[in-house]
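A short write-up of the structure that comes next.
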Amino acid sequence: MGVEGFIRSGLKDFLIEVAELSIFAGRFFKEAFRRPFEFKEFLRQCYNMGNRSLLLVGVTGFIIGLVFTLQSRPKMMELGASAWIPSMVGISIIREIGPIITALICAGRIGSGIGAELGSMRVTEQIDAMEVSGTNPFKYLVVTRILATTLMIPLLVLMSDAIALAGSFMIENIKGDVSFRLYFENVNSSLTFGDFLPSTIKTFLFGFAIGLVGCFKGYYCKHGTAGVGVAANSAVVEASMLLFVLDFVAVLLTDIFYDL
Amino acid sequence: MIAGYMDKKPVIEITGLTKSFGSHQVLNGFNMKLYESETLVIMGKSGSGKSIMIKCLIGLETHDSGTITIMNKNLDKVNEDEMMDLRTEVGFLFQGSALYDSMTVRENLEFPLRRHTKKFGNIEDATSLVMEVLKSVGLEQAIDLMPEELSGGMKRRIALARTLILRPKIILYDEPTTGLDPITSKEIVLLMKSIQQEYKTSSIVITHDVDCARFIADRMILLVDGINYAEGTFSELFSSEDPKVKAFFKS
């Protein structure tokens, strides 16, 4: 196969994947509003995803806050702008770093977990067993997980943002003797509702994307146990790519909106 | 038609069933009838289309052409809700048991029960129903175990209990004794026979196990190249002079 053939086949595979993912998303919206609703399973998934990611997301957020402040502090001092550190860190974390880093961590932690779990259920015929017992496996397994990620990722991002700011404050307090009140007054005065709203809305999209890709990869897992690994791995890779695309589109739309 | 079936109603009827994967034709006009309270064994070499046929029957695979009628309902004409209701009447025992590995035995058994409120109502406490089917398969003590704590034979029994809890009128068995030692296989076959007598179910058994077929079959079909090549009782097929039938039993 020549280069042209390789590109053609790659493009074809990509378009097929996009089409299948779109159909899968369409089925989610169709099934999500149909009875019966699996509330118990939805709450169980929310608990699992939130509770099990809490420590990882919290530690990562705290370290990001610490490192970001430590790295930027010398340069800001050199420019005589050390008073702007809380504002700069606050805006960066709330608008971009908090949502995207937390979403990427959750794509690895939650997305791969969903891909592997549903994948192993597929290859051991557990999904077929649900179907033949008259249960709708899409509704029970997929709808509940996508809804849970859509709800839990924004909550985890909010928590991560708060912990990152706490980490940043700790450095400012140790190195610059900045008080808690002064630090957070600076952060609050520089943040507007316009900073907060778009970044929160995009975290719902991030959560939806992580759940959607994880479920899609696991639900259609093929080729036995080897396929489970592939499903988990590709769930992380494709969800991460999709997160960056969504982030870019969200920032672009926000920018256009502000220009108006 | 075999004598004795003239007066019975077919609960499943398959006519001219075809299924292919790309250029590979798996089922090539398969015909079959399953009668009330009958145990029909379908045998055939690997790749002869047995498992695909049974998956088409339960709607896990779509067929290319032909008709499948289960309890007077044509599968091509039922809607999604009717199909879900029909599935409570047709149990399926998977080759690998397919127990939900994140749930205990009790939860595995309660899971289908709680989703069929139309048939069973809102069940507050399903323990008595769960215990009843566990007693049928002789595993009452396993109620709070996880699937990973069960042996292969126990898993197969629990899977059978999960099938029975919906009180199906028909049970489909996909290789029920595959992967089990001879003693456990015999126990499973005896269990299938006793369940058939206790619950008065009609059954289709897909198997390679000649001993299982000999013991359980009221009637047999030999599937060759996607068609029902030979049909009769076990002894009729076993003593057949047809070279393909002979070759199958010799292998």
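Dimensions of chain B along the principal axes, based on C-alpha atoms and rounded to the nearest Å, stand at 55, 43, 41, largest first.
If each DSSP helix of 4+ residues adds -39,500 (n - 2.57) and the sum is divided by the residues in chain B, what number results at 222 nm, nearest 500 deg cm²/dmol?
Details: 10 runs with 94 residues, N = 251.
Result for chain B: -10500 deg cm²/dmol, rounded to the nearest 500.
Sites counted here are GluC sites (Glu not before Pro) in a DSSP loop (not H, G, I, E or B) having no more than 11 other Cβ atoms within 10 Å; the longest part of chain B that contains none of them is B:1-123. Per-residue shielding of B:93-105, expressed as the average number of other chain Cβ atoms within 10 Å of the residue Cβ, stands at 4. Value of Rg to Rh for the range A:31-179, rounded to two decimals, is 1.18; Kirkwood radius and Rg both from alpha-carbon coordinates. When only Cα pairs below 8 angstrom with a gap of at least 6 residues are kept, chain A shows a relative contact order of 31 percent. Among A:Ala226, A:Ala103, A:Ala148, the residue with the largest mean-square fluctuation in a Gaussian network model of chain A, with springs joining Cα atoms closer than 10 Å, is A:Ala226. The mean number of Cβ atoms from other chains found within 10 Å of a Cβ in peptide B:54-61 is 2, as a whole number. Of the residues A:Glu185, A:Glu238, A:Glu117, which exhibits the maximal mean-square fluctuation in a Gaussian network model of chain A defined by a 10 Å Cα contact cut-off? Among A:Glu185, A:Glu238, A:Glu117, the largest GNM mean-square fluctuation belongs to A:Glu185.
Mean-square fluctuations from a GNM of chain B, with a 10 angstrom spring cutoff on Cα atoms, peak among B:Arg115, B:Arg157, B:Arg214 at B:Arg115.
Mean partner shielding of peptide A:133-145, defined as the number of other chain Cβ atoms within 10 Å of each residue Cβ, is 3.
How big is the shadow of the Cα convex hull of the protein assembly as shown, averaged over all directions, in nm²?
Details: hull surface 129.2 nm².
Reported value for the Cα convex hull: 32.3 nm².
The packing ranking, built from the mean of other Cβ atoms within 10 Å per residue, places the peptides A:87-93, B:63-69 in the order A:87-93, B:63-69, highest first. Pairs of Lys residues in the range A:39-259, spaced 8 or more positions apart or belonging to different chains, with C-alpha separations under 22 angstrom: 4 in total. Using the Cβ atoms and a cut-off under 11 Å, what net charge is assigned to the surroundings of A:Met121, where Lys and Arg are +1 and Asp and Glu are -1? Residues near A:Met121 contribute -3 overall. Per residue, chain A reaches -28500 deg cm²/dmol at 222 nm when only DSSP H runs of four or more residues are counted, each adding -39500 (n - 2.57). Each peptide in A:107-114, A:19-26 receives the mean, over its residues, of other Cβ atoms within 10 Å, and ordering these scores from highest gives A:107-114, A:19-26. Can you tell me the relative contact order of chain B? Whole percent, Cα pairs under 8 Å, sequence separation 6 or more. Once normalised by length, the contact order is 27 percent.
Taken together, the values in this text are just the output of simple stated rules run on the coordinates, not laboratory data. Fair warning: this is a prediction, and the values are worked out from it, not measured in the lab. All Cβ positions, even for glycine, are placed from backbone atoms using ideal geometry, and neighbour counts span all protein chains on display.
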